[in-house]
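Below: one structure, written as structure tokens.
Where a number appears in this text, it was derived from the coordinates with a stated rule and is not lab data. Bear in mind the structure is a predicted one, so any value in this text is a computation, not a measurement. Every residue, glycine as well, gets a Cβ built from its backbone with ideal geometry; the counts of neighbours run over all protein chains shown.
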Amino acid sequence: MNRGEYNILVIEDNPGDFALVEEFLLEQIESPRIKSAKSYAEARDLLNDQFHGFDVILLDLSLPDKTGILLIQDILEVAAGAAVIVLTGYSDLSFGVKSLSLGVSDYILKDELSSLSLYKSLVYGIERRRIITALEESEKRARNFAQQLNNAVEEERKGIAREIHDEFGQQLSGLKMLLASLKRSTSLGSDAETTIEAMVSDLDNSILTLRRIASELRPVLIDKLGLFAAIEWLAGEFKKKTGIGCDMYVDISQPTIGKMAEINVFRICQEAFTNIARHSGATNVTLKISNEDEGLFISIADNGKGMTEEALQKNLSMGLLNMKERANLIGAEIDIKSAPEKGTKIELKLGIHAEENISSR
Ligand SMILES: Nc1ncnc2c1ncn2[C@@H]1O[C@H](COP(=O)(O)OP(=O)(O)O)[C@@H](O)[C@H]1O
Ligand SMILES: [Mg+2]
């Protein structure tokens with residue numbers, strides 16, 4: 001006889017079958033807690049009551065108010081961490097496989113049921129459920145950590161960009177003014193004047209470079225005017241720097257997107273442009289922003305040399321991996337398509353299902 005707290009819900013409308021299952025359970029387990037439900041509605045009410053905290057659900061597949069796949073799906077939705085074992089009178093292998101793929105932990109034919117097989121299935125089911133729950137929690141923690149790391153990096157970049165822009169920029173401008181007043185002093189010869197002019201021009205270049213570095217670290221635009229303006233700026237800089245043409249089509253007005261989603265979408269675009277400049281050999285890029293299924297859809301396509309499926313799948317390359325991670329972080333879908341000599345296309349879709357990310361302005 002096995003001890004241990006077993007909290008079991010048997011969903012079965014046939015009293016004979018229920019009696020059999022109960023008998024089998026009592027044969028193996030010392031004082032199990034067994035509750036019964038004779039319909040889907042009754043089971044749902046019991047499951048919605050947190051108080052019960054079932055470990056395992058034994059489910060008959062033909063109930064008066066619901067049957068089959070639909071019943072399985074609906075029970076799984078309210079199962080709240082309990083393992084679900086299907087007990088059925090019908091032998092249908094493909095149906096069994098399908099129900100397992102939905103997340104059921106076992107599929108047993110009533111004809112083949114014995115007290116031991118039921119007990120084993122129950123124990124394995126509970127253990128598997130426990131492992132899956134632990135895995136899901138660990139995944140959640142990992143994502144949470146990635147999110148915090150991401151935020152910390154962005155905050156730090158923002159801080160450095162501000163320092164560069166405000167402190168350094170001010171100092172250089174101050175220096176420029178001093179040189180201008182020096183140049184105005186009458187006692188200088190023309191040689192000295194020429195040198196000062198050269199210095200001022202160097203300083204101007206340094207100021208521009210600083211501004212550019214600061215913008216690349218953290219575009220002020222994204223905080224002031226939002227995502228679309230920042231992407232436009234990105235495309236403009238890209239054209240200037242590389243001489244590669246960039247056609248931009250924007251079909252929608254800018255939706256209100258959470259800051260975190262905004263910055264991640266921007267970083268994905270930034271990586272796409274950097275890759276095009278570095279690797280593609282393209283002569284033209286097409287950037288489209290539109291709305292598809294009421295979500296935000298961005299596609300960036302180049303007409304460059306593309307890459308093989310193999311290169312695309314190489315998970316070691318940080319840039320592409322990072323794009324996927326960022327998309328994952330904000331619940332967006334990303335599709336990277338490429339073929340040799342056919343160019344590369346990045347498609348990003350931020351759906352409305354991620355309600356914290358998007359809403360119409
Ligand atoms: N637009 C593109 N066109 C052609 N090849 C690309 C493109 N983007 C990426 N690649 C290829 O994929 C590889 C991985 O890219 P990525 O992960 O960003 O790493 P990195 O840019 O640091 O090399 C690149 O080295 C390049 O060979
Ligand atoms: Mg890269």
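Here are a few things to note about the model shown:
- Kirkwood-Stokes translational diffusion coefficient of the stretch 7-113, alpha-carbon pairs, 10 °C, 1.306 mPa s, µm²/s: 115 µm²/s
- Distance between the modelled labels on Glu156 and Arg33, one decimal in nanometres: 4.9 nm (7 Å Cα→Cβ projection).
- Pairs of alpha carbons in the chain whose separation is greater than 33 Å (percent): 55 percent
- Ordering Leu116, Leu296 by the number of other Cβ atoms within 10 Å of each residue's own Cβ, fewest first, gives Leu116, Leu296.
- Computed [θ] at 222 nm, deg cm²/dmol, the chain (DSSP H ≥ 4; -39,500 (n - 2.57); rounded to nearest 500): -17500 deg cm²/dmol
- Rounded to the nearest 0.05, the FRET efficiency derived from the C-beta distance between Lys98 and Thr283 at R0 = 51 Å is 0.55.
- Backbone geometry of the stretch 265-271 corresponds, through the Karplus equation with coefficients 6.51, -1.76 and 1.60 at θ = phi - 60°, to 3J(HN,Hα) couplings of 4, 4, 5, 5, 4, 4, 5 Hz, x marking Gly and Pro.
- Going from the fewest other Cβ atoms within 10 Å to the most, the residues Ser121, Ser173 appear in the order Ser173, Ser121.
- Based on the Kirkwood approach, the hydrodynamic radius assigned to the stretch 141-218 is 14.9 Å, with every pair of different Cα atoms included.
- Ordered by the count of other Cβ atoms within 10 Å of each Cβ, fewest first, Asp223, Asp60 give Asp223, Asp60.
- Positive dipole terminus of the chain, leading residue within Ile222, Gly243, Cys269 (C-beta point charges): Gly243
- Exposed chymotrypsin sites (Phe, Trp or Tyr not before Pro) absent: longest stretch of the chain, with sites in DSSP loops and at most 13 other Cβ within 10 Å deemed exposed: 91-361
- Cα-projected label distance for Glu42 with Arg211, points at 7 Å along beta-carbon direction, nm: 7.6 nm
- Cα-based Rg / Dmax (Å) for the stretch 225-359: 14.2, 39
- Near Val56, the amide H atoms lying under 5 Å from its own belong to Asn7, Leu9, Ala83; only residues 5 or more places off or on other chains count, and H is placed 1.01 Å from N.
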